[in-house]
Amino acid sequence: MKKGRSTTYALIAAVAMIWGTIIYKVVDAYKGDDDSPVLANNTTIKKEPYNDYAIPKDTAHLLLNYKDPFRLKKERDTVPMAIKRVHNTLAVVTKPGINWSFIKYSGYMRNPVSKKTIALLTINGRNVTLAEGESVDNVKLLKNMRDSIKISYNGKTKFITSGNH
């Protein structure tokens, strides 16, 4: 029994010394050093002026010598016009625009085997499926971009988006 007690007392002493060392180092770290840096007699410390993030003077120059983008005509929205000279007077003849409302894009299907995308269209109330390059009723599918299609009708091209918005 004496052997067990002496080992216990030795371990208690070791733990006390370890905790004493830890406490000494923590207290010493909080205490800090009183040593201040030694400066030469002729050296003075210049303090930088206080700057509370004042806004510096703006030095940028805007060059405003470009055309107004809002005054430009959009060519895709204008109707092409033909000018004919009739008895020395000018007559402006407008070509009627194409009413694209008879074509509706419903979506697409993709064949997992052939990896081919097929567009689902409604042309004049009739459901039609077209792959790129195919045409029905003078309507040719040029490009299928999944959210929209590019089609050609009577020599005119247009992008049509899906009607499911």
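The values are calculated or read from the model by the stated rules, or taken from the named source; none is laboratory data. Because the structure is predicted, anything quoted here is derived from the model rather than measured. Neighbour counts run over all protein chains shown; Cβ positions are idealised from the backbone, glycine included. These area figures cover heavy atoms from the full protein model, side chains too; ligands, DNA and RNA do not enter into them. Shrake-Rupley method; radii C 1.70, N 1.55, O 1.52, S 1.80 Å.
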Inset, instruction - Ignoring everything but the protein chains, give the 1.4 Å probe accessible area of L11 in square angstrom, nearest 10. - result: 110
Inset, instruction - Taking H placed 1.01 Å from N in the peptide plane, check which residues at least 5 places from E134 or on another chain put their amide H under 5 Å from its amide H. - result: L141
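Please give the length that would be gained between E132 and S114 if that part of the chain were fully extended, namely 0.36 nm times their separation in residues minus their C-alpha to C-alpha distance (nm, one decimal).
5.1 nm
For a quick protection proxy, order the peptides 61-69, 105-113 by their average other-Cβ count within 10 Å, most packed first. Each step should come with its number before you reach the end.
On the way: 61-69: 5.9, 105-113: 12.0.
Ranked from most to least packed, the peptides come out as 105-113, 61-69.
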